[in-house]
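Data block below; observations after.
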Amino acid sequence: MKAVQFMEPEVIQVNEVPDPVMKDNEVVAKVEYAGICGTDMDLLTGDMVHIKNGMTKYPIIPGHEWSGTVIKVGKDVKGFKVGDRVTADVSLGCGECPMCRKGFYNLCPNREVIGSYRNRQGAFAEKIAAPQRHLYKIPDGVSMEEAALVEPAGTAAYAVKRANITMGSKVLIMGDGPIGQLAAQFAKLNGASQVIVSGSWDEKLAVARECGADATINYHNVDTVEEVIRLTDGGPDVIIESTGNAMAVNQAIKAVKPNGKIVFISWYTLQEIPIPMNQVIVKNLDLICTLASPNVFDAVLDYMATGKINVKPLITHVEPLEKVSDMIKLVREKKVYRNKILLKP
């Protein structure tokens, strides 16, 4: 099959590689669409934490946001057949360890992560294998393009779930990328009375307002901390930080209300970030971290099928697999408006 491989830092090739080896409890799917994510960019530069700790090695087939059609079924698989439209969790647990038995398969010590951890083959390829226990059928009414965004939507949903947003809460989403945009939609669904999105692209902020955000902040034009405190009359109750920018961490601590919560979604390039801990203590804050998107895909797919979550406005580019280098260049140059870029093998 044809696949994108990161051969070493900053070296991308589209190669012919062997088809996935399917285990008895797995299916093989034809990849219909695969989304480019910031994690893929970090894998390419070598900044990804799994590269640095040796749990991922070059060459690697990246990509963990995908939709596909089942073309082959293992002998132990039940409930899935050839022709089913599917997607899968990004973190694949062993199903047997204490963490998996408690439902935290994203923390399984034996886990693989599609497109990265332990070199589990990713979705920037014509075919992909996935275990039945992590597989989900795409419901009618959800297109294959939309279904490729289930993973970023799941990541956003899990962060909002961890935030435990109560009715009437005022929420700031830091970051206008797909995960930030989707976190804003889920925050509204979970009872937030005011949702504000901060970012750097007027076009992305316009999409956020189109999808339900009450207000937006372009940090190029105003001070984010001062503006969100003004808009919320004292500061948000919850901040969801999706930028991966170390500066944003300290801005969130300054902006959030006393007794508030800050939820962190992103990976951070800086391995150590100085935090004003006395301010965290004095404000009695909860700092909450999230990893991946466990136990939310079914709900996310239902929300998408019923129109409660809208991912269509986030898709700005659909290009063939061979254009991956051009799309990565587009992301890096930051000259052209783009949000979610999908590759179509």
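The values are calculated or read from the model by the stated rules, or taken from the named source; none is laboratory data. Worth saying up front: this structure is predicted, and the values here are computed from it rather than measured. Please note: Cβ atoms are built from the backbone with ideal geometry, for glycine as well, and neighbour counts cover all protein chains shown. Each accessible area value is taken on the protein alone, full model and side chains, heavy atoms only, with ligands, DNA and RNA left out. Shrake-Rupley method; radii C 1.70, N 1.55, O 1.52, S 1.80 Å.
Of note:
- 4 °C / 1.567 mPa s Stokes-Einstein diffusion coefficient of the range 223-304, Kirkwood radius on C-alpha pairs, µm²/s: 93
- Rounded to the nearest 0.05, the FRET efficiency derived from the C-beta distance between D298 and K78 at R0 = 22 Å is 0.80.
- For the range 11-130, share of DSSP beta bridges that run antiparallel, in % to the nearest 5: 100
- In the context of the full set of protein chains, the chain has a per residue accessible area of 43 Å² (1.4 Å probe).
- Between helix 150-163 and the chain: long-axis angle, C-alpha atoms, 0 to 90°, nearest 10: 40
- The residues neighbouring A183, those whose beta-carbon lies less than 12 Å from its own, together hold a net charge of +1 under the Lys/Arg +1, Asp/Glu -1 convention.
- Per-pair calculated FRET efficiency, R0 = 30 Å: N15 and Y337 via Cβ, rounded to 0.05: 0.45
- The range 103-150: C-alpha gyration tensor shape, a/c 1.5 cut-off, then a/b vs b/c: oblate
- Backbone phi angles across the range 174-188, fed through the Karplus curve with coefficients 6.51, -1.76 and 1.60 (θ = phi - 60°), yield HN-Hα couplings of 9, x, 9, x, x, 5, x, 4, 6, 4, 4, 5, 5, 4, 5 Hz in residue order; Gly and Pro are listed as x.
- Cross-link pairs exceeding 19 Å between alpha carbons, from the set K161/K204; K308/K334; K23/K72; K52/K261; K261/K308; K52/K329: K161/K204; K308/K334; K52/K261; K261/K308; K52/K329.
- Cut-off under 5 Å, modelled amide H: who pairs with Q121 long-range: G115
- Within the accessible area of the range 25-109 (1.4 Å probe), percent carbon and sulfur: 59
- Degrees separating the helix 246-255 axis from the principal Cα axis of the chain, which is the longest one: 40
- With the simple model of a label 7 Å out from the Cα in the direction of the Cβ, L189 to L270 spans 3.3 nm.
- Summed over qualifying helices (DSSP H, 4 residues or more, each -39500 (n - 2.57)) and divided by its residue number, the chain shows a 222 nm mean residue ellipticity of -8000 deg cm²/dmol.
- Summed side-chain charge close to L205 - residues other than L205 whose Cβ falls under 14 Å, Lys, Arg +1, Asp, Glu -1: -4
- Qualifying chymotrypsin sites (Phe, Trp or Tyr not before Pro) in the range 175-221, DSSP loop, other Cβ atoms within 10 Å at most 11: none
- Tensor-based shape of the range 263-345 (alpha-carbon gyration tensor, a/c under 1.5 rounded, otherwise prolate or oblate): oblate
- According to the Cα-based calculation, Rg over Rh for the range 21-133 is 0.97, with Rh computed by the Kirkwood formula.
- Net length available on complete extension from E322 to M7 is 111.9 nm, with 0.36 nm assigned per residue and the Cα-Cα distance removed.
- Å³ per residue enclosed by the Cα convex hull of the range 131-229: 118
- Using the Cβ-Cβ distance between Y58 and V280 with R0 set to 35 Å, the FRET efficiency works out to roughly 0.40.
- Take every DSSP beta bridge whose two residues both sit in the chain; close to 55 percent of them are antiparallel.
- With at most 11 neighbouring Cβ atoms within 10 Å, loop GluC sites (Glu not before Pro) (DSSP) excluded, longest segment of the chain: 97-271
- For the chain, the ratio of Cα radius of gyration to the globular rule of thumb 2.2 N^0.38 Å stands at 0.97.
- Three-way shape call for the range 146-300 based on the alpha-carbon gyration tensor, with the a/c threshold at 1.5: rounded
- Residue list for the range 260-284, given a label point 7 angstrom along the Cα-to-Cβ vector of V49 and an amide N cut-off under 17 Å: 263-275
- Radius 12 Å from Cβ of G38, net charge of other residues (Lys, Arg +1; Asp, Glu -1): -2
- Sequence-ordered 3J(HN,Hα) estimates for the range 130-144 from the Karplus curve with 6.51, -1.76 and 1.60 and θ = phi - 60° stand at 8, x, 4, 5, 10, 9, 9, 7, 7, x, 4, x, 10, 6, 5 Hz, glycine and proline given as x.
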